[in-house]
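Take a look at the structure set out below.
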Amino acid sequence: MCLSTVYKNTKTPDAVAMRNVMAIECKDGEVILTDLMERQVIIRGVLESANLVDGFVIVRETE
């Protein structure tokens, strides 16, 4: 199983949006994150990069 930590805009500890993310869906200008417990976080933005080997994803927020 490949789980990731998702960051907003930059990979810094204070920019963590969600940990243990198992699914990411991009739809209508939003990035929908789902973790192991089926909780969801929705970020208005776009997927900027994903490094699944190191387990992190960066989402660039839009206004």
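The values are calculated or read from the model by the stated rules, or taken from the named source; none is laboratory data. Keep in mind the model is a prediction, meaning the values are calculated, not measured. As a convention, Cβ positions derive from the backbone with ideal geometry for all residues, glycine included, and neighbour counts pool all protein chains shown. We work out accessible area using only protein heavy atoms, side chains counted, and drop any ligands, DNA or RNA first. Shrake-Rupley method; radii C 1.70, N 1.55, O 1.52, S 1.80 Å.
Among residues of the stretch 5-16 that are within 11 Å of S49 (Cα to Cα), those with a Cβ under 7 angstrom from a residue that is among the aliphatic types (A, V, I, L, M) and open to solvent by 40 Å² or more (accessible area, probe 1.4 Å), sequence gap 6+ or separate chain, pair up as Y7/V16. Taking the criterion of being within 16 Å of P13 (Cα to Cα) and not acidic (D, E), the residues of the stretch 48-63 that qualify are G55, F56, V57, I58, V59, R60. Checking each residue in the stretch 1-11 for being part of a strand (DSSP E or B) and basic (K, R) picks out only K8. In summary, strands (runs of 3 or more DSSP E) completely within the stretch 12-61 and bearing 2 or more residues that are open to solvent by 60 Å² or more (accessible area, probe 1.4 Å) and under 18 Å from C2 (Cα atoms) occur at 16-27, 40-51.
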